[in-house]
Every structure is written in structure tokens, then in C-alpha cells.
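Okay, so here's the structure we're looking at.
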């Protein structure tokens, strides 16, 4: 019995939720998946999985064994990378994650330059707005927006962004420009559900929080849609500064109420502290970090 392969099969079955899904992920017939796990249970003389028609459930022994499997497989992968020379020159696969719009505007251009500079490194860039576990998802580097909770992750601060309120020139030709957040009560607004409540926007006034009720004429679930609607003159919108940078630069939107904006939001590169750092990861951090810092500094000119 190939115990390492059986560990891989067990891990795939648990992560995918079924043996058939594990077989598809591994390119392995279902009977082979079932046999590998049965052989592992027989070798250990312990039941690892409770099989039902709907899903798989780990036994207590299975939970502790699976945790050990993850550590063992990670150590083997680390040893193989070292033997292949990954710690002598940047090479191999790198997994990076970033928020969707920030990733498109700022991370992807830096990754494209990195790939040209390091032809032996391949990057899988996963753009998603959800916060994921770097260790569980095998992510090498993540770009995080917001204050970071205490954790074992290592963070390098790239810069800051802000929440900004904008409207189109056409809109302001028909409506007076708000002088204070309270004036928003008389304006039509486009709300972005992922960023704020549909009926309240938060500001700062004299160093104190100020929540202002707003009239949402249109509620959307993406920043791009909110920006497009604001450019079309539907109403005022509030998004993150990097999301609206292009519209501010070309004059299709005008930023207002700058002196009342909430505190700046940090942008960080984060990665796990797992002992010796692979050259591909260190090369990526050293290459991308100054470029992101520069892009965020240049963004300040449109804030």
C-alpha cells in the first residue's frame, strides 16, 4: 500500500465531500478511491470515515489522523520543493489571492511584470472578495484590505484607501452639491450592498462618527454597477477609492465630502510564517510590494 497516496485520497475525499468527487478531482476511478481508504483503515485498524448516502463524516480517530496527514503531506511537499531547487532559484507554482476589483486594477499588472521577470515561476491568481484561510487553501500570498486581526500571519503594509462619495457632472448640474453629509438626505443615492447598509452611510465630523440616513433609489451588488449607475446620473454613490480611480481621473465622476470621509483603510500583503521561505515567495513579495506601494501612492492624487 502506498500510504502517501492513500493519505492524498483521504484528504481529497474529506475536502470534496464525497468519494466520487475525490475520484473526479484526482482522476481516479471511484472503486479505487474506496479501496485506498479501506486499505488505510485496515492498516490502522481504525475506522476513519462514516459513509452515508449524502456525505462523509470523520470519526474522532479520522479527525486526528487527517490533521496529521495534512502536516505530513505539507512536509513532503516542502522537501520535494527543496530537492527540486526551489530554494536555490525562484521556480515552481505560486498561489496568490486578492479582492476582485483591486486584483484586476492593481495586482494583475504587477503579476504580469513578475512573470516576465521570473520565467520559472507560475502564478495562480484567485480573485475573490471573501477572506479565506491561507493554510487551508494552500495560498502563498494574499492581499488584504482592512484592519488585520491578530494572527500568526506576517503582514507588509502597502498603503491605504478610503471610502469616497461621488456623483457625475450631469447629476450636479441638476442638483446642488452636498456641503455636509446631512445634505445627502435630499439626494438620490446608489448603494453597494457589500460595502454599506442600504439606508445609512457613515462619516466623520470633528473626529466623531456620524451616521447619515440616505435615500437609496438603486441598490446593486457590485461596485462596478454602482459606479456605472452614478456615471449615468442615477444618483450619488459611495465606493472604495481604488474602485473609482479611473472615473475620477477622466472626470466622469466628481468626489465630494472629502473632509468628512471615515478613517483610511490599510492595504497589506500577508503570508504564513512556515519556516524557511521559498525563493519564489520571497521574490514575489520583493517584486510586487514596491509596485503596489507606488500604485497606491499615485492613487492619492485622485483622492
Unmet requirement for residue 237, which otherwise passes all of (1) more than 30 Å from residue 134 (Cβ to Cβ); (2) in a helix (DSSP H, G or I): (2)
Residue in region 129-140 that is in a strand (DSSP E or B) and in contact with a helix residue (DSSP H, G or I) (Cβ under 9 Å, 6 or more places away or on another chain) present: no
Output for region 130-147, where each listed residue is over 23 Å from residue 93 (Cβ atoms) and at pLDDT below 85: none
Condition met for residue 213 (touching a helix residue (DSSP H, G or I) at 6+ places or on another chain (Cβ under 7 Å), within 20 Å of residue 263 (Cβ to Cβ) and at pLDDT 90 or above): no
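Let's see how each residue does on (1) touching a helix residue (DSSP H, G or I) at 6+ places or on another chain (Cβ under 6 Å); (2) without any contact (Cβ under 8 Å) to a residue 40 or more places away in the chain:
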| position | (1), (2) |
| --- | --- |
| 224 | no, no |
| 229 | no, yes |
| 256 | no, no |
| 288 | yes, no |
| 297 | no, no |
Residues (surrounded by 14 or more Cβ atoms within 10 Å (Cβ to Cβ) and either touching a strand residue (DSSP E or B) at 6+ places or on another chain (Cβ under 7 Å) or at pLDDT 90 or above (or both)) located in region 49-72: 49, 56, 58, 59, 62, 66
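The values are calculated or read from the model by the stated rules, or taken from the named source; none is laboratory data. Nothing here was measured: the structure is a model prediction, and the numbers come from that model. Glycine also receives a Cβ, built like all others from the backbone with ideal geometry; neighbour counts cover every protein chain displayed.
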